[in-house]
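This report refers to the structure that appears directly beneath it.
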Amino acid sequence: EAKQIVNNLKSKGYPAFIKTSEIPGKGIWYRVRIGTFTTRVTAKLYAANLKNIEPSIKFVFITVNN
């Protein structure tokens, strides 16, 4: 299902990718992510625009420290 969502988003030009996560007691989950952003403000602006274009997409913001 995640691959299908990513392929659909990529076909529309979004920088989508899958991130796998092992959830204790639930197994492996495949999370669809869009983009990498340098600031929270940039991510929120992108999400607001995306939400208008793709209202079925749900958003969760995460921060990643490299």
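The values are calculated or read from the model by the stated rules, or taken from the named source; none is laboratory data. All values derive from a computational prediction rather than experimental measurement. As a convention, Cβ positions derive from the backbone with ideal geometry for all residues, glycine included, and neighbour counts pool all protein chains shown. What goes into the accessible areas is simple: the full protein's heavy atoms, side chains included, and nothing from ligands, DNA or RNA. Shrake-Rupley method; radii C 1.70, N 1.55, O 1.52, S 1.80 Å.
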Could you grab me the full set of residues in the range 4-19 that are open to solvent by less than 60 Å² (accessible area, probe 1.4 Å) and among the hydroxyl-bearing types (Ser, Thr, Tyr)? TYR14
When the range 7-24 is examined, which residues are found to be assigned to a loop (DSSP other than H, G, I, E, B), under 15 Å from TYR46 (Cβ atoms) and not basic (Lys, Arg)? GLY13, TYR14, PRO15
Has the range 25-36 got any residue that is over 16 Å from ILE62 (Cβ atoms), open to solvent by 70 Å² or more (accessible area, probe 1.4 Å) and either of a type in the set (S, T, N, Q) or not in a loop (DSSP other than H, G, I, E, B) (or both)? yes
Please indicate, with yes or no, whether at least one residue in the range 38-58 is surrounded by 10 or more Cβ atoms within 10 Å (Cβ to Cβ), at pLDDT below 90 and in a loop (DSSP other than H, G, I, E, B). yes
